[in-house]
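The values are calculated or read from the model by the stated rules, or taken from the named source; none is laboratory data. Just so you know, these numbers come straight off a predicted model, no measurement behind them. Virtual Cβ from ideal backbone geometry, glycine too; neighbours counted across all protein chains shown. Surface areas here come from the heavy atoms of the whole protein model, side chains and all, with no ligands, DNA or RNA. Shrake-Rupley method; radii C 1.70, N 1.55, O 1.52, S 1.80 Å.
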Amino acid sequence: MEMHQCQVCRKLFASSGPKICPSCIKRLDRVYEKARSYLRDNPDANLNAKELAEAIDEDVLDIEILIAEGRFERDLAEDLNDIRRQQLLNEFQKSLSKTQENLRALQEQKKTTYGKDRHGKGIA
Ligand SMILES: [Zn+2]
């Protein structure tokens with residue numbers, strides 16, 4: 001098995017596929033279940049990622065990762081009608097531009113706690 005760096009917490013872990021480590025996957029699964037049941041119970045709620053995170057009291061970054069992974073897209077089809085689903089996904093997408101920033105910030109943060117190395121030389 002290869003070593004991969006977790007896209008969420010940047011920890012190295014052995015994986016044959018997923019780019020997110022088992023502990024993050026576990027947490028994301030829990031957050032996802034919470035989010036999904038919230039959306040099911042509140043079919044009229046018009047939320048973006050941040051509002052959804054607040055509503056279920058979880059980290060917005062976890063929600064954004066779930067969105068970026070396309071989890072909601074796949075499952076909301078079963079839970080909501082097309083129009084509602086599209087509305088929600090649009091809201092999510094709007095807030096999604098922040099995900100890359102957040103992920104990058106997270107990476108930087110972890111990197112500096114890790115060691116103090118500056119940007120290394122790229123592969124020339
Ligand atoms: Zn992780």
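In the list Ala53, Ala35, Ala45, which residue meets the criterion of being among the aliphatic types (A, V, I, L, M), more than 10 Å from the ligand (Cβ to nearest atom) and not in a helix (DSSP H, G or I)?
None of the others qualify; the one that does is Ala45.
Close Cβ contacts (under 7 Å, 6 or more residues apart or on different chains) running from residues in the range 56-81 that are touching a residue at least 40 places away in the same chain (Cβ under 8 Å) to residues that are in a loop (DSSP other than H, G, I, E, B) and open to solvent by less than 60 Å² (accessible area, probe 1.4 Å) comprise Ile65/Val8; Leu80/Pro43. Here Leu28 passes the criteria (1) open to solvent by less than 40 Å² (accessible area, probe 1.4 Å); (2) away from the ligand (no atom under 16 Å from the Cβ) except the one numbered (2).
When the range 1-25 is filtered for residues that are part of a loop (DSSP other than H, G, I, E, B), surrounded by fewer than 17 Cβ atoms within 10 Å (Cβ to Cβ) and within 13 Å of the ligand (Cβ to nearest atom), the ones remaining, listed by number, are Cys9, Lys11, Pro18, Lys19. A single entry from Ile83, Ile123, Ile65 fulfils the requirement of being at pLDDT 85 or above and either in a helix (DSSP H, G or I) or on the phi < 0 side of the Ramachandran plot (or both): Ile65. When the test is whether a residue is outside any loop (DSSP other than H, G, I, E, B), within 15 Å of the ligand (Cβ to nearest atom) and modelled with pLDDT under 85, Gln93 does not pass it.
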